[in-house]
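The values are calculated or read from the model by the stated rules, or taken from the named source; none is laboratory data. It should be emphasised that the depicted structure is a prediction, and the values quoted were computed from it without experimental measurement. When we count neighbours, we look across all protein chains shown, and the Cβ atoms used for this are built from the backbone with ideal geometry, even at glycine.
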Amino acid sequence: MSTFATVRRALQAVVQPRPAPPPPPPARRRAPTTDAFTPAPAQPARPTPPVIPLTRAEDRATATASYQARLERAPSADETAKAVTFLETLRAQGKSLEERRAAMEFVIAMTPEWQAKDTYRTSLGREPSADELAKLTQFGSQLAVEGKSVGDVRAAMNFVTAMSPEWQAKETYRASLGREPNVDELTKLTQFGTQLQAEGKSVAEMRGAMDFVTAMSPEWQAKDTYRASLGREPNADELTKLTQFGTQLQAEGKSVEELRAAMNFVTALTPEWQAKDAYRTHLGREPNGDELTRMIAFGAELQGQGKSVGDLRAAFDFVIGLSPEFQARHPNLTTDRDALYLQQPNGWSCGPTSLAMALAATGARPANQDTVWELVGALGARAGVGTPGGVSLIAEVARRFGVNAEANGSREPGDVRAALERGHGAVVNGDLGGGGHFIYLSGLDEAGNYIVCDPWRPQITRWTDADLWAFTHHGNNPPGFAEIWPA
């Protein structure tokens, strides 16, 4: 092929383009899908159905029912219009009838009127009168206009109500007697408070007067007697009985002081009081629950056998005196007459001999005649004079020998008994009819009688209160006794 032909073909290849390839087939359109990455297309909003007369009537019925339920009245025309608009909005939001009704009642409960009614129900337990409701609602509406919250409005209403004589009267009974007043009690105390208020008294003064009046009642005195005497509240039966007793005394013209003294006396006769007092007297503490229960049961058993309160107390004292705790608190103190008894060596040494027995009971000196003569010198006792001093000298010398001693100028057996119930001994001054005489009482026996150590009459071993009274009240000797116990 010539060079010319070759060049020609090359030029044709450049000048004449190749035919275009056929177009690709069209892509198949895929249906839209949704997944975690592709949001679904928005649905067109459905138009809100128009309010038809039938649903508007239903909303009016709901509003009326809600007002009747909350405020016990029908709504006004303005209230109805506002309520229907509110309910239509809720209906448009798809709320059910029950939800619309609940929302309507909630809105009503936020109103000053409902809060006023509920304040009276909650604070005073009754419905307000028309005038009371109008005044408190007006007060709440004024606060609402000032921008106060519903909580602020209600707190203010509670405060105002609590200032009333009626609320103060009810609260006085709750606080003082732990109960609601009955109708008559509430009426009387409210009238009393209203009178004080009219006189210009403050709420604090009014309440103080109400508390005072209530505290004068037999019921309050009965409750306080149990608190003060037994450290507990009375049960219903105890309170009823003691209140009736006080009411009877009040009807007889007794003063509140006389009434309370009588209640204290009656309570002090119970096994419970005697048990507690025995523990206080002998051990310096209150009994625990188990100790008190057992002692009360023991006392009730004695009472069932016809024993007197004195017998009961003596038995309590004796039982406690046997306890290790009592023995530990009263070391070396013995009431054993046989181990202590000494007879005076002559007619004028009753004082030294009685003190010798007291010191022997504490373990400070042995029970023998050497101790007697040692005390003759210490007391300055001598013929024609005896012991030149009363119980004060006995107590002073006893302290020199290392024991506790205290002089008491009383002649009364009850005071001597109290000393012995404390676990102490007593050197007592009295008169046998021929002049002054000292004896030693070492304690009380199971029957509550005095254990007598008379240095002049060894045959005398027990005395009653009457015997001791005759000894201490006879003649003109200096009265009293020296109470002696271990250091």
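Residues PRO47, PRO128, PRO41: which one is at pLDDT 95 or above and outside any helix (DSSP H, G or I)? Before the answer, list the steps.
Values: PRO47 fails: at pLDDT 95 or above; PRO41 fails: at pLDDT 95 or above.
That would be PRO128, the only listed residue that is at pLDDT 95 or above and outside any helix (DSSP H, G or I).
Could you list, in sequence order, all residues of the stretch 250-265 that are in contact (Cβ under 8 Å) with a residue 12 or more places away in the chain and surrounded by fewer than 19 Cβ atoms within 10 Å (Cβ to Cβ)? Can you show your working first?
So in the stretch 250-265, the residues in contact (Cβ under 8 Å) with a residue 12 or more places away in the chain come out as 250, 256, 259-260, 262-264.
Matches in the stretch 250-265: GLN250, VAL256, ALA262, ASN264.
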Test: residue in the stretch 345-359 that is among the aliphatic types (A, V, I, L, M), surrounded by fewer than 21 Cβ atoms within 10 Å (Cβ to Cβ) and either within 42 Å of the chain's Cα centre (by Cα) or in the same structural domain as PHE481 (by TED's automatic domain parsing) (or both): no
Matching entry among ALA328, ALA364, ALA383, ALA297 (being surrounded by fewer than 19 Cβ atoms within 10 Å (Cβ to Cβ), more than 26 Å from THR472 (Cβ to Cβ) and modelled with pLDDT under 95): ALA328
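Could you please let me know if GLN305 is closer than 30 Å to SER442 by Cα, of a type in the set (S, T, N, Q) and either at pLDDT 95 or above or assigned by TED's automatic domain parsing to the domain that holds SER442 (or both)? Please lay out each step first, then the result.
Working: closer than 30 Å to SER442 by Cα: yes; of a type in the set (S, T, N, Q): yes; either at pLDDT 95 or above or assigned by TED's automatic domain parsing to the domain that holds SER442 (or both): yes.
The answer is yes for GLN305.
Check the stretch 374-391 and report whether any residue there is of a type in the set (Gly, Ala, Ser) and within 46 Å of the chain's Cα centre (by Cα).
Keep residues of the stretch 374-391 that are of a type in the set (Gly, Ala, Ser), which gives 377-378, 380-381, 383-384, 386, 389-390.
When the remaining residues are screened for being within 46 Å of the chain's Cα centre (by Cα), the result is none.
No, because not a single residue in the stretch 374-391 is of a type in the set (Gly, Ala, Ser) and within 46 Å of the chain's Cα centre (by Cα).
Identify all residues within the stretch 357-374 that are more than 14 Å from VAL391 (Cα to Cα) and in a helix (DSSP H, G or I); write none if there are none. If you could, list the steps in order and put the result at the bottom.
Taking the stretch 357-374 first, the residues more than 14 Å from VAL391 (Cα to Cα) are 357, 359-374.
Across the stretch 357-374, the qualifying residues are MET357, LEU359, ALA360, ALA361, THR362, GLN369, ASP370, THR371, VAL372, TRP373, GLU374.
I'm trying to understand the selection: among the residues of the stretch 66-88, which are small (Gly, Ala, Ser), assigned to a helix (DSSP H, G or I) and exposed (fewer than 14 other Cβ atoms within 10 Å of the Cβ)? Walk me through it before giving the result.
First, pick out the residues of the stretch 66-88 that are small (Gly, Ala, Ser): 66, 69, 74, 76-77, 81, 83.
Among the residues that remain, those that are also assigned to a helix (DSSP H, G or I) are: 66, 69, 77, 81, 83.
Those that are small (Gly, Ala, Ser), assigned to a helix (DSSP H, G or I) and exposed (fewer than 14 other Cβ atoms within 10 Å of the Cβ): ALA69, ALA77, ALA81.
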Counted residues, the stretch 225-244 - those being part of a helix (DSSP H, G or I), surrounded by 16 or more Cβ atoms within 10 Å (Cβ to Cβ) and free of Cβ contacts under 8 Å to residues at least 24 places away in the same chain: 2
Residues within the stretch 429-451 that are surrounded by 16 or more Cβ atoms within 10 Å (Cβ to Cβ) and either in contact with a Cys (Cβ under 8 Å, 6 or more places away or on another chain) or of a type in the set (A, V, I, L, M, F, W, C) (or both), tallied: 9
GLY402 crowded, with 17+ Cβ neighbours inside 10 Å and on the phi > 0 side of the Ramachandran plot: no
Restricting the stretch 266-288 to residues that are loosely packed, with under 14 Cβ neighbours inside 10 Å and free of Cβ contacts under 8 Å to residues at least 24 places away in the same chain, the residue that is nearest to LEU420 (Cα to Cα): ARG280
Odd one out for ALA426, checked against (1) in a strand (DSSP E or B); (2) touching a His at 6+ places or on another chain (Cβ under 7 Å); (3) not basic (Lys, Arg): (2)
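Only one residue in ARG417, ARG457 is part of a loop (DSSP other than H, G, I, E, B) and not small (Gly, Ala, Ser). Which one? First the steps, then the outcome.
Working: ARG417 fails: part of a loop (DSSP other than H, G, I, E, B).
Of the residues listed, the single one that is part of a loop (DSSP other than H, G, I, E, B) and not small (Gly, Ala, Ser) is ARG457.
Here is a check on your reading of the model: is ALA378 surrounded by fewer than 17 Cβ atoms within 10 Å (Cβ to Cβ), assigned to a helix (DSSP H, G or I), of a type in the set (A, V, I, L, M) and in the same structural domain as ALA447 (by TED's automatic domain parsing)?
When the stated conditions are applied, ALA378 passes them.
Based on this model, can you work out whether ASP454 counts as among the charged types (D, E, K, R), without any contact (Cβ under 8 Å) to a residue 24 or more places away in the chain and surrounded by 15 or more Cβ atoms within 10 Å (Cβ to Cβ)? Quick ask: steps written out before the conclusion?
Numbers: among the charged types (D, E, K, R): yes; without any contact (Cβ under 8 Å) to a residue 24 or more places away in the chain: yes; surrounded by 15 or more Cβ atoms within 10 Å (Cβ to Cβ): yes.
Answer is yes for this residue.
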Qualifying residue in the stretch 460-482 (condition: in contact (Cβ under 8 Å) with a residue 60 or more places away in the chain, in a loop (DSSP other than H, G, I, E, B), in contact with a Lys or Arg (Cβ under 6 Å, 6 or more places away or on another chain) and closer than 16 Å to SER354 by Cβ): yes
Residues of the stretch 96-116 satisfying the condition of being part of a helix (DSSP H, G or I) and over 16 Å from ALA144 (Cα atoms): LEU97, GLU98, GLU99, ARG100, ARG101, ALA102, ALA103, MET104, GLU105, PHE106
Only listed residue being closer than 26 Å to GLN138 by Cβ and crowded, with 19+ Cβ neighbours inside 10 Å, chosen from THR172, THR161, THR194: THR161
